[in-house]
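Before any comments, here is the structure.
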Amino acid sequence: MARKTSHRMGPSDVVILVMGMTGSGKSQFISKLTGENAGVGHSLTSSTISLDLYSCVENGQRIFLADTPGFNDTQISDVEILKDIAFFLGQLHLRNVRLGGILYLHSITDNRVSGSALRTFNMLRALCGPQALNCAALVTTKWGALRSPQDDLAACDRENELKYTSNFWGSMRQHGSQSYRWLGSEASARSIVREIIQTACRRTFSPVLQIQRELIDEKRPLDSTSAGREMMKHYEDRCQKVKQGLDDLKSELLSASGLTREELNEGEAEINRLVDELSRTETSQQELRVSPRDLFDQKMGEYEELYQGIWEEVEQENQMVSDIGRRLSAFEQRLSHLEPKTNSAKGTGIAENLSVPPRAGTWARVRRFLKRNVLPLLGVLAGVGVVAAGAAVINPPLIMAGAQLLALSFTGVQWHTGQGVDGPDLIAGVEGVIRACPPTPIAAGFRTYT
């Protein structure tokens, strides 16, 4: 039975929120830290949940990395992304889990800061608030993609523009925010995370983000929080532009004469597109008008449904391991009958089977090798099966479990008598691998909003 409580966050854990535009390198950064393919598998991804969570250990400290999509994501609406971030940060505040920091990843190869990136900068400032801007850090990525000294100089200029322009990261730096370069390696990623954690540990108190205070302490509706107002402003501007575009297009079509059927059809199609966009924007505005209680009820239901599926998979994997253990025991009993029997001659101390044909002697050695290595060899076969099953369903934690089981089993092979890992130690090691490898959710149970 999976022990759900072992994966819950607690006050001793540290969380780092990873933000950035689509394509900025968030998944690669997390993959380097965790060894998992952050772009594949479940994590905590579904049609309604946009936040992925991974964990790693740095100097004995368990760290959770929360990967969020950019506000330019084509699959998930900005409202749902904000809801997930607000819910997640609210849960951290309710559970007294320490937020180590927020990393904002930005590709240094981008020649300009797009409108979506600028909106994300503004959203990040609204989430943190003036008192907690020092929790956020700018991480520039893709330095390895630069191919010439001219590219390096241009990238340094873009970095300085990001760091010192007030509309970009300049205002964050004025409040103590730091900036880093990720050079694409695991060592570079760990160095950044290590410094973020050390900075968090030096603080005399754990800062409360503005969204946490507004949503949890002040019980404001999402659209009344600073982040909600920032997003609502964007939607209001968009509505105004779309309505203006509709009015202009209708006036143009009414005043035009001699339009062909094709031109009329194109005009009608454009009107329908603008009407659909206006409807989606107004729907998003309405979805922002949600109370903290309703937000938490909605998200808790979505996460619990996802957890149920994850834990069913974990229990299936545990059942598979139990079946393998039973088969190992049965096979060991059957092989015990293959142990070569020797009869010592009474009074002489001379074995009766000294004279063994060469082929029989080879088979005897094979049988002794098999008998001595029942558990490791079957563990190797089981590891291959687990890796194959994980690859078939694209489940990185299952593939990792199989790979670790393979490695552990190979170290248990006794090529000569007296070497290798004993059977009980190997079984304990296998169980430890399996317990360590199930997907790690945010928490097995969220706190309800009161």
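Looking only at residues in segment 49-70 that are in a loop (DSSP other than H, G, I, E, B) and not hydroxyl-bearing (Ser, Thr, Tyr), which one is most open to solvent (accessible area, probe 1.4 Å)? Outline the logic, then answer.
Going residue by residue through segment 49-70, those that are in a loop (DSSP other than H, G, I, E, B) are 49-51, 59-60, 68-70.
Subsequent filtering for residues that are not hydroxyl-bearing (Ser, Thr, Tyr) retains 49, 51, 59-60, 69-70.
Values: Ile49: 1, Leu51: 1, Asn59: 128, Gly60: 74, Pro69: 22, Gly70: 2 Å².
The extreme case among them is Asn59.
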*With respect to Gln298, determine if the residue is within 30 Å of Val380 (Cβ to Cβ), modelled with pLDDT of 70 or more, assigned to a helix (DSSP H, G or I) and open to solvent by 40 Å² or more (accessible area, probe 1.4 Å).*
no
*Across segment 253-295, what is the total count of residues that are in a loop (DSSP other than H, G, I, E, B) and either more than 39 Å from the chain's Cα centre (by Cα) or within 25 Å of Gln240 (Cα to Cα) (or both)?*
7
*asked:* Looking at segment 22-41, can you tell me whether even one residue there is modelled with pLDDT under 80 and surrounded by 20 or more Cβ atoms within 10 Å (Cβ to Cβ)?
replied: yes
*Can you tell which of Asp84, Asp73 is open to solvent by 10 Å² or more (accessible area, probe 1.4 Å) and under 22 Å from Gln286 (Cβ atoms)?*
Asp73
*Under 9 Å by Cβ, and 6 or more places apart or on different chains, what pairs join a residue from segment 98-120 that is assigned to a strand (DSSP E or B) with one that is of a type in the set (Lys, Arg)?*
Leu103/Lys26; Leu105/Lys26; Ser107/Lys142
*For segment 143-154, state whether one or more residues are hydrophobic (A, V, I, L, M, F, W, C) and either more than 21 Å from Ala189 (Cα to Cα) or crowded, with 21+ Cβ neighbours inside 10 Å (or both).*
yes
_Members of segment 217-230 found to be in contact with a helix residue (DSSP H, G or I) (Cβ under 6 Å, 6 or more places away or on another chain), within 24 Å of Arg119 (Cα to Cα) and either open to solvent by 70 Å² or more (accessible area, probe 1.4 Å) or in a helix (DSSP H, G or I) (or both), listed by number_ = Arg220, Leu222, Asp223, Ser226, Ala227, Gly228, Glu230
*Looking only at segment 87-101, decide whether some residue is among the small types (Gly, Ala, Ser) and open to solvent by 10 Å² or more (accessible area, probe 1.4 Å).*
no
*Do we find a residue being among the aliphatic types (A, V, I, L, M), in a loop (DSSP other than H, G, I, E, B), touching a residue at least 60 places away in the same chain (Cβ under 8 Å) and under 28 Å from Lys32 (Cα atoms) anywhere in segment 132-139?*
no
*Taking segment 166-184, which residues are farther than 18 Å from Leu127 by Cβ, open to solvent by 50 Å² or more (accessible area, probe 1.4 Å) and assigned to a loop (DSSP other than H, G, I, E, B)?*
Leu183
*Out of (1) assigned to a loop (DSSP other than H, G, I, E, B); (2) within 24 Å of Arg62 (Cβ to Cβ); (3) in contact with a Lys or Arg (Cβ under 8 Å, 6 or more places away or on another chain), the odd one out for Phe205 is which?*
(3)
_Can you confirm whether Ser284 is exposed (fewer than 12 other Cβ atoms within 10 Å of the Cβ), closer than 16 Å to Val79 by Cβ and of a type in the set (S, T, N, Q)?_
no
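The values are calculated or read from the model by the stated rules, or taken from the named source; none is laboratory data. Small disclaimer: the values here were computed from a predicted structure and weren't measured. Positions of Cβ are generated from backbone atoms using ideal geometry, with glycine treated the same way; all protein chains shown enter the neighbour counts. What goes into the accessible areas is simple: the full protein's heavy atoms, side chains included, and nothing from ligands, DNA or RNA. Shrake-Rupley method; radii C 1.70, N 1.55, O 1.52, S 1.80 Å.
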